[in-house]
Amino acid sequence: MSDTLDCRICGGTLHEFFDFGRQPLADAFVDPNHPAQEYFHRLAVAQCGSCTMVQLLEDVPREHMFRTDYPYLSSGSSAMQDHFRATAGHFLDHELRDLDSFVVEFGSNDGIMLDTVARAGRRHLGVEPCAGVAEAAAAKGIRVRNAFFEESTAAEIVATEGRANVIYAANTFSHISYVDSVFRGVDILLDEDGIFVFEDPYMGDIVERTSFDQIYDEHFYFFTVRSVQNMAAFYGFELVDVEHLPVHGGEIRYTLARSGSRTPSPEVARFLDREKILGLAERPTLESFATNIDLLREGLRSLLVRCRDEGRSVVGYGATAKSATLTNYCGIGPELVSFIADNTPAKQGTLSPGSHIPVRSPEAFADPYPDYALLFAWNHAEEIMRKEAEFKRRGGRWILYVPELHIV
Ligand code: DWN
Ligand code: SAH
Ligand code: ZN
């Protein structure tokens, strides 16, 4: 475990703006039959005074987070399947038109994006350190290398497969504290005219919607257009396009190219202006975000305590990684939320990290329906509420806390 007060990108001074105290690993669900010692780390966020990058103060060794039995399966959401099918379609239409073109995705998980590329017969390779999800992708006929993406992995790939036209990562680049090695890898592996594309939760949306549950061990960086532009320049790349995406509560897809190789889209300047107007890199903005986190904690806790005192049943929906920070920071355990319904087989029958709320299958949700359902998977609200329409028809109500605490 390393503790640093210097920016992991530019070496500038970090200014802490929130400390969640000791928190468990967000995807380390507990086996109630073999309860092992849980790993806790200090979860605190800071901003760099020079390059403006928001980052965790302490990083957890990657082998603790991204293990063989990593439980998250990207394909568990049909909306995300649609999103990644469209993403692959975009690459096939624009960047991979040549039949010999080659795409590398790191953090390919169960192959949710590469599936479409493989079906189109294009050369592709996933790089995924978690053996379980990598095997799920391989079983679909997708080529996967079970490794962490970094400089040495990129060198091995280029030696046997040549350079890539597209290097892509969704919800993964922000998980990697060692960006220097990743950029050296991208430099080795990317074609002269290639693009490095990544999409991750947007700090602008997190601040605007107080979605502080996005802050947990795996999410090391919280990108803005300005901080990504600075980071790219630091490593000899240029930010040439940005696109705001509605998935996972608001993300940005960043497109990087070698400096001078592509003309930047006007969207980059537009977003930079918008971030300036919002004061996204300013201290008072982060201070009011910190105030809003504690107001939300108080509001949610008192709502759940009132439900309990009035004898109303509350069940959680979606045993998300995000809910680890929410439940542990807000002091929400099985006495306030009796269990969490989730469709991931590997999470069912376990206890949530730290807060120890039992996780059960979605069938348990209807048996019988609770009075209230606390939607931990708020980013999948539309899909889940559609699936569980019967719950509302029978008088049940959803508790949501993003973009603010409300009941529907
Ligand atoms: O960044 C990350 C994102 C992409 O995935 C990773 N670090 C870890 C993980 O984060 P998360 O667990 O917060 O992601 P989700 O997508 O919000 O998780 C949704 C959870 O809800 C999953 O456990 C599956 C479950 N679910 C369900 O039970 N029924 C989801 C849907 C759509 C459903 O219908
Ligand atoms: N891209 C998928 C999965 C996101 S979960 C999606 O958007 O749904 C984050 C993934 O990043 C996990 O599968 C994890 O194993 C992977 N990961 C973490 N560090 C990595 C690294 N250095 N190289 C490649 N993958 C990594
Ligand atoms: Zn910095």
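The values are calculated or read from the model by the stated rules, or taken from the named source; none is laboratory data. No experiment lies behind these values; they were computed from the predicted model shown. With ideal geometry, Cβ positions are generated from the backbone for all residues, glycine too; neighbour counts draw on all protein chains shown.
Residues are listed down the side, and each one gets a yes or a no for (1) among the acidic types (Asp, Glu); (2) assigned by the TED database to the domain that holds GLN214; (3) within 16 Å of ligand 2 (Cβ to nearest atom); (4) within 23 Å of ILE215 (Cβ to Cβ):
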position	(1), (2), (3), (4)
VAL337	no, no, no, yes
ASN343	no, no, yes, no
ASP367	yes, no, no, no
PHE376	no, no, no, yes
ASN379	no, no, yes, yes
GLU382	yes, no, no, no
ALA389	no, no, no, no
ARG393	no, no, no, no
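Looking at VAL133, VAL144, just one residue is surrounded by 21 or more Cβ atoms within 10 Å (Cβ to Cβ), closer than 22 Å to ARG67 by Cβ and either more than 16 Å from ligand 1 (Cβ to nearest atom) or basic (Lys, Arg) (or both), and that residue is VAL144. PHE40 passes every criterion in (1) among the aromatic types (Phe, Trp, Tyr); (2) within 16 Å of ligand 1 (Cβ to nearest atom); (3) within 22 Å of TYR178 (Cα to Cα) apart from (2). Just so you know, in segment 189-222 the residues that are of a type in the set (Phe, Trp, Tyr) and within 24 Å of ASN328 (Cα to Cα) include one that is surrounded by the most Cβ atoms within 10 Å (Cβ to Cβ), and it is TYR216. Out of segment 145-163, which residues are away from ligand 2 (no atom under 14 Å from the Cβ) and outside any helix (DSSP H, G or I)? Scanning segment 145-163 gives GLY162, ARG163. Taking segment 85-102 as the range and being in contact (Cβ under 8 Å) with a residue 60 or more places away in the chain and either surrounded by 21 or more Cβ atoms within 10 Å (Cβ to Cβ) or polar (S, T, N, Q) (or both) as the test, the residues that pass are THR87, PHE91, LEU96, SER101, PHE102.
For segment 66-86: of the residues being assigned to a loop (DSSP other than H, G, I, E, B) and not basic (Lys, Arg), which is farthest from ALA319 (Cα to Cα)?
First pass over segment 66-86, keeping only residues assigned to a loop (DSSP other than H, G, I, E, B): 66-73, 77.
Still in the list and also not basic (Lys, Arg): 66, 68-73, 77.
Working: PHE66: 17, THR68: 19, ASP69: 16, TYR70: 14, PRO71: 10, TYR72: 10, LEU73: 12, SER77: 13 Å.
Filtering segment 66-86 for residues that are assigned to a loop (DSSP other than H, G, I, E, B) and not basic (Lys, Arg), the one farthest from ALA319 (Cα to Cα) comes out as THR68.
Scanning segment 10-55 for residues that are over 19 Å from ILE215 (Cα atoms) and either within 15 Å of ligand 3 (Cβ to nearest atom) or polar (S, T, N, Q) (or both) turns up CYS10, GLY11, GLY12, THR13, ASN33, GLN37, GLY49, SER50, CYS51. The C-beta contact set for segment 12-38 (first residue in a strand (DSSP E or B), second residue of a type outside the set (Gly, Ala, Ser) and within 16 Å of ligand 3 (Cβ to nearest atom), distance under 6 angstrom, 6+ apart or interchain) comprises LEU14/LEU5; LEU14/CYS7; LEU14/CYS48; HIS15/GLN47; PHE17/LEU286; PHE18/VAL45. Does ILE167 qualify as being touching a helix residue (DSSP H, G or I) at 6+ places or on another chain (Cβ under 8 Å) and closer than 27 Å to LEU73 by Cβ? Criteria met by ILE167. So, GLY89, is that one away from ligand 1 (no atom under 16 Å from the Cβ) and not in a loop (DSSP other than H, G, I, E, B) or not? The answer is yes for GLY89. Close contacts from segment 236-250, counting a first residue that is under 25 Å from ASP193 (Cβ atoms) and a second that is assigned to a strand (DSSP E or B) and basic (Lys, Arg), with Cβ to Cβ under 9 Å and a gap of 6+ residues or different chains, come to GLY236/ARG258; PHE237/ARG258; GLU238/ARG258; ASP241/ARG253; VAL242/ARG253; GLU243/ARG253; LEU245/ARG253. On the basis of being of a type in the set (Gly, Ala, Ser) and crowded, with 23+ Cβ neighbours inside 10 Å, does ALA170 make the cut? Answer is yes for this residue. Quick check: anything in segment 145-156 aromatic (Phe, Trp, Tyr) and within 23 Å of PRO264 (Cα to Cα)? Taking every residue of segment 145-156 in turn, none turns out to be aromatic (Phe, Trp, Tyr) and within 23 Å of PRO264 (Cα to Cα).
Within segment 34-43, can one find any residue that is buried (at least 21 other Cβ atoms within 10 Å of the Cβ) and either more than 18 Å from THR327 (Cβ to Cβ) or within 16 Å of ligand 2 (Cβ to nearest atom) (or both)? So far as segment 34-43 goes, no, none of its residues is buried (at least 21 other Cβ atoms within 10 Å of the Cβ) and either more than 18 Å from THR327 (Cβ to Cβ) or within 16 Å of ligand 2 (Cβ to nearest atom) (or both). Please specify each residue of segment 111-133 satisfying the condition of being outside any strand (DSSP E or B) and near ligand 2 (Cβ under 8 Å from one of its atoms). Of everything in segment 111-133, those that are outside any strand (DSSP E or B) and near ligand 2 (Cβ under 8 Å from one of its atoms) turn out to be ILE112, MET113, GLU128, PRO129, CYS130, VAL133.
Got a sec? Which of GLU58, GLU105, GLU63 is out of contact with any helix residue (DSSP H, G or I) (no Cβ under 8 Å at 6 or more places or on another chain), away from ligand 3 (no atom under 16 Å from the Cβ) and in contact (Cβ under 8 Å) with a residue 40 or more places away in the chain? Step by step, each of GLU58, GLU105, GLU63 is checked, and only GLU58 is out of contact with any helix residue (DSSP H, G or I) (no Cβ under 8 Å at 6 or more places or on another chain), away from ligand 3 (no atom under 16 Å from the Cβ) and in contact (Cβ under 8 Å) with a residue 40 or more places away in the chain.
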